[in-house]
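The structure is given below, and queries will be raised subsequently.
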Amino acid sequence: MQNTLSIIIPIYNEKKLISKFIDRLYKSFKSINCQFIFVDDGSTDGTTEWLDENLKLFFKNENYKLIKIDKNYGKANAVKKAIDFVEGKFTLLIDSDLEYDPVDARELYEIAIENESIEVIQGSRYLGGKIQLRKHLLNDIAVRVNTLLFNFLFDQSITDLHTGTKIIKSNFLKKLNLSFSRFGLEIDVNSQIAKHDINIYEYGIGYIERSKSEGKKITYIDGILSYYFIFMARFIQNDLTTNISILYSFIFMTYAGTYFGLGLGKIMITILFAITGMIIGLKRKIIPLTLVFGAIYVGSLFSKGNGRIFPIVLFFIIALIYSKKLSGKLKFIKKNALTKFFI
């Protein structure tokens, strides 16, 4: 009988908690046809030895697998190794540190199997009335800021970008080209889901955050890298036609921005124009973008000096609205290898 659920559990240096976690995980899912995939990501604290000796005692004849990685390469690499062995219709990704409760993960699974339309459902630490404990203010702020930035760039409305509990249909998960390292996994997965226009469902879960002395592993380096990963996912890892449009828009808008302000003000305006150019290049091809740039030029004719920015902004906004409508109409036109760069 085919497994209905595969569970991927990356583990690194969790000897103090691993017994309690696995006991809770097993009890939460023992009543369903389930595959457990443990990935020991180069543990050095005795976790590896514990897994060797005790997994068979917990699971006996149950369907489980232990993957050992000789060196710690991070959560993303561990999950990628495990995906090759997934057999279930759905795959659950869950951390092994007990910050997330396996009981909540079971609830997510029940929701997924009862709703045919759900391909992705994630646990959110910011929804519902379940128990919460947060110990690091900056971590909480970073999650909220990153989630807001992700929603803006990917036209989403999720509440928890970095959640460590998510369920994804396995046939879709196996199609993902995961490339980010460390804790970039959640950004990598969610950005690709968004680009495939798949709905991301959320459900409230509990969260008991650990302190660094208790074994929490994420660092400020991961916080800095998260912005790099978001930038790469949105502005670099696209198809060629989208990247050409982004580059075209970035160059023109940067050039346009150099005509305003002096000194530091000029630098700030140029940067703002450049960022705006990259963003509008995401959803528009060459012809709609050219309409926008033409409107900027026309707006520049209505005044002189820095005063030109006001008619330019007005014409820019009007052109954005009409270019979006134009893009919507052009997308239904049959395209060949050349015209898809323009419409």
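The values are calculated or read from the model by the stated rules, or taken from the named source; none is laboratory data. What you see is a predicted model, and the numbers here were worked out from it, not measured in a lab. Counting neighbours? That spans all protein chains shown, and the Cβs are built from the backbone with ideal geometry, glycine included.
Restricting attention to the stretch 274-310, which residues are in contact (Cβ under 8 Å) with a residue 40 or more places away in the chain, crowded, with 20+ Cβ neighbours inside 10 Å and in a loop (DSSP other than H, G, I, E, B)?
R284, K285
Does F152 count as without any contact (Cβ under 8 Å) to a residue 40 or more places away in the chain and surrounded by fewer than 21 Cβ atoms within 10 Å (Cβ to Cβ)? Spell out how you get there, then give the answer.
Working: without any contact (Cβ under 8 Å) to a residue 40 or more places away in the chain: yes; surrounded by fewer than 21 Cβ atoms within 10 Å (Cβ to Cβ): yes.
It is true that F152 is without any contact (Cβ under 8 Å) to a residue 40 or more places away in the chain and surrounded by fewer than 21 Cβ atoms within 10 Å (Cβ to Cβ).
Are any of the residues in the stretch 180-189 on the phi > 0 side of the Ramachandran plot and in a loop (DSSP other than H, G, I, E, B)?
Step one: list which residues in the stretch 180-189 are on the phi > 0 side of the Ramachandran plot, which gives 182.
Now drop any that are not in a loop (DSSP other than H, G, I, E, B), which leaves none.
The answer is no; no qualifying residue exists.
If I ask for residues that are among the hydroxyl-bearing types (S, T, Y) and assigned to a helix (DSSP H, G or I), which ones from the stretch 211-228 would you list? If you could, list the steps in order and put the result at the bottom.
Restricting attention to the stretch 211-228, the residues satisfying the condition of being among the hydroxyl-bearing types (S, T, Y) are 211, 213, 219-220, 226-228.
Passing the criteria: S213, Y220, S226, Y227, Y228.
Please note which helices (runs of 4 or more DSSP H) are completely contained in the stretch 1-105 and include at least 2 residues that are under 24 Å from V189 (Cβ atoms). Spell out how you get there, then give the answer.
Working: elements: 18-29, 47-59, 75-83.
Correct list: 18-29, 75-83.
Related question: Is it the case that L161 is in the same structural domain as E99 (by TED's automatic domain parsing) and surrounded by fewer than 21 Cβ atoms within 10 Å (Cβ to Cβ)?
no
Could you please find all residues in the stretch 18-54 being hydrophobic (A, V, I, L, M, F, W, C) and more than 23 Å from I167 (Cα to Cα)? Spell out how you get there, then give the answer.
We begin by selecting, within the stretch 18-54, every residue hydrophobic (A, V, I, L, M, F, W, C); these are 18, 21-22, 25, 29, 32, 34, 36-39, 50-51.
Scanning the stretch 18-54 gives W50, L51.
Return the only residue of I251, I198, I246, I168 being modelled with pLDDT of 95 or more, assigned to a loop (DSSP other than H, G, I, E, B) and more than 30 Å from L137 (Cβ to Cβ).
On the way: I251 fails: assigned to a loop (DSSP other than H, G, I, E, B); I246 fails: assigned to a loop (DSSP other than H, G, I, E, B); I168 fails: assigned to a loop (DSSP other than H, G, I, E, B).
Unique residue meeting the criteria: I198.
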